[in-house]
1. Is it the case that TYR92 is under 16 Å from GLY57 (Cβ atoms), assigned to a strand (DSSP E or B) and touching a residue at least 40 places away in the same chain (Cβ under 8 Å)?
2. Can you tell me which of (1) within 16 Å of the chain's Cα centre (by Cα); (2) farther than 28 Å from GLY25 by Cα is the one ASN110 doesn't meet?
3. Taking the range 24-64 as the search range and keeping residues that are among the β-branched types (Val, Ile, Thr) and free of Cβ contacts under 8 Å to residues at least 40 places away in the same chain, which one is nearest to ASN84 (Cα to Cα)?
4. How many residues does the range 95-133 hold that are at pLDDT below 85 and assigned to a strand (DSSP E or B)?
5. Pairs needed: first member in the range 102-124, in contact (Cβ under 8 Å) with a residue 12 or more places away in the chain and under 22 Å from ASN67 (Cα atoms); second member anywhere, surrounded by fewer than 17 Cβ atoms within 10 Å (Cβ to Cβ) and of a type in the set (A, V, I, L, M); C-beta distance under 7 Å; at least 6 residues apart or different chains.
6. Let me confirm something: among ALA60, ALA79, ALA69, which residue is among the aliphatic types (A, V, I, L, M) and outside any strand (DSSP E or B)?
7. Looking at the range 11-48, which of its residues are closer than 17 Å to LEU123 by Cα, modelled with pLDDT under 70 and loosely packed, with under 13 Cβ neighbours inside 10 Å?
Amino acid sequence: MKKLFLLLVIMLAGASFSHAQLAKGKYMIGGNVGFSSGGPNWNVSPSVGYMFTDDIGLGADLNAFDNGAGFGLGLGLAARKYWNIMDNTYLYGHAGLNLGVVGGGGVGVNIYPGVMYFLNDRLAIDGRLNGLSGGGLGMSLLF
């Protein structure tokens with residue numbers, strides 16, 4: 001968690017003055033790698049999304065994970081609300097619904113905060129915090 005906090009501080013401190021903007025009608029492809037302390041808990045999730053307004057996007061992802069009980073695979077749908085806090089930097093709230101289809105099938109809901117920093121007009125890095133014991137890093141490409 002200390003590493004994630006340090007990454008967030010560096011991203012916020014390193015914001016440049018060029019303006020990258022999420023906008024209605026943009027598509028996003030990306031993914032993330034997640035982790036959790038206290039066991040073999042990891043997650044890899046490629047994703048696609050669409051911005052319905054300048055600050056609200058909807059997306060879908062495929063989740064491959066190990067939750068300590070073995071390998072699993074799931075599908076997810078999610079919505080995000082973005083707030084521009086400074087040039088190139090956005091805070092967001094994420095709400096998602098996941099359906100496990102292999103190994104540990106079931107339905108899950110996830111809600112978490114995150115920060116997205118645009119390296120240029122199209123490429124962003126994404127840091128998120130899931131609960132108190134884990135988080136994740138991702139990359140997104142806007143087109």
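1. no
2. Checking ASN110 against (1) within 16 Å of the chain's Cα centre (by Cα); (2) farther than 28 Å from GLY25 by Cα, the one that fails is (2).
3. Here is the first cut: in the range 24-64, the ones among the β-branched types (Val, Ile, Thr) are 29, 33, 44, 48, 53, 56.
Now drop any that are not free of Cβ contacts under 8 Å to residues at least 40 places away in the same chain, which leaves 44, 48, 53, 56.
Details: VAL44: 27, VAL48: 21, THR53: 14, ILE56: 12 Å.
It comes out as ILE56.
4. Taking the range 95-133 first, the residues at pLDDT below 85 are 100-106, 108, 110, 128-133.
So of that shortlist, the ones also assigned to a strand (DSSP E or B) come out as 100-102, 106, 108, 110, 128-130.
Adding up the residues that qualify gives 9.
5. Filtered contacts from the range 102-124: VAL102/LEU73; GLY103/LEU73; GLY104/ALA69; VAL109/LEU97; ILE111/ALA95; PRO113/LEU91.
6. Values: ALA60 fails: outside any strand (DSSP E or B); ALA79 fails: outside any strand (DSSP E or B).
It is ALA69.
7. Pass one, the range 11-48, residues closer than 17 Å to LEU123 by Cα: 11-12, 14-33, 46-48.
Next, only the ones that are modelled with pLDDT under 70 stay: 11-12, 14-20.
Result: GLY14, PHE17, SER18, HIS19.
The values are calculated or read from the model by the stated rules, or taken from the named source; none is laboratory data. Everything quoted here is computed from the prediction, not taken from an experiment. Neighbour counts are summed over all protein chains in view; Cβ atoms, including those assigned to glycine, are modelled from backbone coordinates with ideal geometry.
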